[in-house]
Amino acid sequence: MSLVFTETLRGSYFEVDQPAVTRLCEVYIDVTLPRPTGSVRVIDAEMTGTATFEHLASHQPIRGRLQLKLSRPRHVSYTFEVQTDDGRTVQFAGAKHPSLMRPIYSATTLWGTLSEGGVPRAMVRLHFDLRRDLVAFLQSVGRTASRLP
């Protein structure tokens, strides 16, 4: 059985050549997390959904990977590609770094970079809003039959 859930992240980004201009962004992520077998230190999950980056991409589909690293230093990394409204492909790479010193902030804040062709184009800060989205997140959690390779 695989664990499935939906996570909504909202925030802002700025292009590296225009750091004073901040724009809004929103990412809806559907995650399929396979059941780990044996003793694992890294869990890879499929990620799909949609992303909106103001003035760049409007409700464009995403496909990528979510990786949970359980050994130290622990982190949850997000990587996906999204097509811009003008047809270019940009890549998002970011991570959450769980911390006992700041558990809520570290579990709900995702820092990342939008790159095009390996060149960083924008810095992104996404946030999971507990008050707004926790109930929907919990309602989305479920199990599904694992796919065979």
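Taken over the range 93-121, residues that are outside any strand (DSSP E or B) and not aliphatic (A, V, I, L, M) amount to 10. Here residue 86 clears all of (1) in a strand (DSSP E or B); (2) out of contact with any helix residue (DSSP H, G or I) (no Cβ under 7 Å at 6 or more places or on another chain) except the condition numbered (1). Close contacts from the range 88-102, counting a first residue that is free of Cβ contacts under 8 Å to residues at least 40 places away in the same chain and a second that is assigned to a loop (DSSP other than H, G, I, E, B) and open to solvent by 40 Å² or more (accessible area, probe 1.4 Å), with Cβ to Cβ under 6 Å and a gap of 6+ residues or different chains, come to 98/74.
Filtering 42, 76 for residues that are at pLDDT below 95 and in contact with a helix residue (DSSP H, G or I) (Cβ under 9 Å, 6 or more places away or on another chain) leaves a single hit, 76. Of the residues examined, residue 61 is one that is closer than 25 Å to residue 144 by Cβ, surrounded by fewer than 16 Cβ atoms within 10 Å (Cβ to Cβ) and not polar (S, T, N, Q). Would you check if residue 46 is charged (D, E, K, R) and either open to solvent by less than 80 Å² (accessible area, probe 1.4 Å) or in contact (Cβ under 8 Å) with a residue 60 or more places away in the chain (or both)? Here the answer is yes, as residue 46 does meet what is asked. Selection of the range 89-117 for residues being out of contact with any strand residue (DSSP E or B) (no Cβ under 8 Å at 6 or more places or on another chain) and open to solvent by 50 Å² or more (accessible area, probe 1.4 Å) yields 100, 101, 102, 103, 104, 105, 117. In the range 14-41, the residues that are under 22 Å from residue 63 (Cα atoms) and of a type outside the set (A, V, I, L, M, F, W, C) reach residues that are assigned to a loop (DSSP other than H, G, I, E, B) and open to solvent by 90 Å² or more (accessible area, probe 1.4 Å) with C-beta atoms within less than 9 angstrom, at least six apart or across chains, in these pairs: 32/147; 34/1; 34/147; 35/1.
Let's see how each residue does on (1) assigned to a strand (DSSP E or B); (2) within 25 Å of residue 4 (Cβ to Cβ); (3) modelled with pLDDT of 95 or more; (4) acidic (Asp, Glu):
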{"residue": "80", "(1), (2), (3), (4)": "yes, yes, yes, no"}
{"residue": "91", "(1), (2), (3), (4)": "yes, yes, yes, no"}
{"residue": "123", "(1), (2), (3), (4)": "yes, no, yes, no"}
{"residue": "126", "(1), (2), (3), (4)": "yes, yes, yes, no"}
{"residue": "131", "(1), (2), (3), (4)": "no, yes, no, no"}
{"residue": "143", "(1), (2), (3), (4)": "yes, yes, no, no"}
{"residue": "148", "(1), (2), (3), (4)": "no, yes, no, no"}
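Table: residues versus (1) under 19 Å from residue 51 (Cα atoms); (2) small (Gly, Ala, Ser).
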{"position": "107", "(1), (2)": "no, yes"}
{"position": "118", "(1), (2)": "no, yes"}
{"position": "125", "(1), (2)": "yes, no"}
{"position": "129", "(1), (2)": "yes, no"}
{"position": "139", "(1), (2)": "no, no"}
{"position": "145", "(1), (2)": "no, yes"}
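Candidates in the range 5-17 are the residues that are in a strand (DSSP E or B) and open to solvent by 40 Å² or more (accessible area, probe 1.4 Å); of these, the one that is farthest from residue 114 (Cα to Cα) is 6.
The values are calculated or read from the model by the stated rules, or taken from the named source; none is laboratory data. Owing to the predicted nature of the structure, the values given are computational and were not obtained by experimental measurement. Note: ideal-geometry Cβ built from the backbone for every residue, glycine included; neighbour counts use all protein chains shown. The protein model used for the area step is the full one, side chains on, heavy atoms only, and it has no ligands, DNA or RNA in it. Shrake-Rupley method; radii C 1.70, N 1.55, O 1.52, S 1.80 Å.
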